[in-house]
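Worksheet: one structure, shown below.
The values are calculated or read from the model by the stated rules, or taken from the named source; none is laboratory data. For clarity, every value in this text was computed on a predicted model and none was experimentally measured. Note that each Cβ is placed from the backbone with ideal geometry, even for glycine, and that neighbours are counted across all protein chains shown.
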Amino acid sequence: MLFMVPVLLSPSPLTGQSARRDLASTAWVEPGPAPAAAPVFTMPAGLGAPAAHQSSIRWYHGLVFLGAIAALSPLDEPIRDEVQRRRSSGSDDFAAAIRHVGQPEVYATVALGTLATGLVAGNSKIARAGGRITAGLVLGGALVGGIKLAVGRQRPLAGEDQYVFHPFTKTDSWPSGHTMTAFALATGVSDEVHSTPVTIGMYTLATAVGWSRMNDNKHWLTDVLTGAAIGITSAKLMNGHWRVLGLSAPHFLLEPSGGAGMAWRVEF
């Protein structure tokens with residue numbers, strides 16, 4: 001931006017016309033380019049907008065995770081045995097209560113309740129937050145359902161080892177659906193609320209849900225770990241924090257849009 005700066009030449013000790021000539025030398029001059037302004041940091045526009053440094057999950061991250069699960073799988077049976085050895089009526093009662101966090105009566109109430117609240121109140125930010133939480137749960141559920149069917153891993157309560165698979169049957173141990181929904185809910189809510197106590201509380205509940213599935217002898221350790229990973233990834237994809245395999249969240253979930261419909265942004 002151009003601007004003018006008045007420059008006044010100080011009068012000399014001379015008097016009369018000399019002094020008047022000095023005063024008459026007052027001029028308006030245009031300075032050089034103004035120095036660059038200091039950077040201004042602002043919050044992202046819109047609740048839950050994509051992070052400034054959106055993380056990218058590549059195909060090799062998936063391979064590394066699957067390799068880690070394979071490496072941990074020999075621990076499935078000894079850990080199952082130890083958990084069952086320590087099982088008690090008290091642990092069963094706690095597991096029966098906490099597993100509700102991974103069931104529709106809790107996660108659907110929170111997700112759809114947030115969405116409905118925003119719609120009824122006419123608050124688009126709350127409505128989109130509820131939409132993102134719901135979308136993360138739906139995506140995670142679809143992924144888990146497909147993997148369970150295709151893999152067909154035997155549950156530990158069947159009395160067989162951890163390497164028994166019957167694809168496309170009713171054996172559906174891997175991954176844990178309860179754990180997936182608990183972690184998808186924890187991630188979705190935590191990323192919307194931005195509160196450390198809430199984050200700690202939600203992830204503690206989600207971890208307890210995973211433990212409850214092992215206490216009930218319904219899942220192996222690697223079932224629980226995989227379910228947690230799918231839940232977190234699904235939620236962070238849908239709320240714009242992560243880009244997975246070049247796929248970004250639907251635009252309408254992240255910020256206001258004049259149109260309807262679902263549009264995915266794919267970046268390679």
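So the values come out like this:
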read-out: Residues (among the β-branched types (Val, Ile, Thr) and farther than 23 Å from Gln154 by Cβ) located in segment 56-94; value: Ile57, Val64
read-out: Single unsatisfied condition, Ala235 versus (1) modelled with pLDDT of 95 or more; (2) under 24 Å from Val189 (Cβ atoms); (3) surrounded by fewer than 20 Cβ atoms within 10 Å (Cβ to Cβ); value: (3)
read-out: Selection count where residues are loosely packed, with under 12 Cβ neighbours inside 10 Å and closer than 22 Å to Met202 by Cα, scope segment 63-108; value: 3
read-out: Any hit, segment 254-264, residues being of a type in the set (Phe, Trp, Tyr), surrounded by 16 or more Cβ atoms within 10 Å (Cβ to Cβ) and either more than 12 Å from the chain's Cα centre (by Cα) or at negative phi (or both); value: no
read-out: Identity of the residue in segment 110-137, farther than 12 Å from Leu185 by Cβ and basic (Lys, Arg), that ends up surrounded by the most Cβ atoms within 10 Å (Cβ to Cβ); value: Arg128
read-out: Options Gly246, Gly201, Gly188: the member that is of a type in the set (Gly, Ala, Ser) and either under 24 Å from Val64 (Cβ atoms) or not assigned by TED's automatic domain parsing to the domain that holds Gly146 (or both); value: Gly246
read-out: Residue within segment 171-178 that is touching a Lys or Arg at 6+ places or on another chain (Cβ under 7 Å), of a type outside the set (A, V, I, L, M, F, W, C) and under 25 Å from Thr114 (Cβ atoms) present; value: yes
read-out: Residue count, segment 204-223 (criterion: more than 30 Å from Ser124 (Cβ to Cβ) and either assigned to a helix (DSSP H, G or I) or not assigned by TED's automatic domain parsing to the domain that holds Gly145 (or both)); value: 13
read-out: Residue identified as part of a helix (DSSP H, G or I) and touching a residue at least 60 places away in the same chain (Cβ under 8 Å) among Gly130, Gly146, Gly201, Gly188; value: Gly188
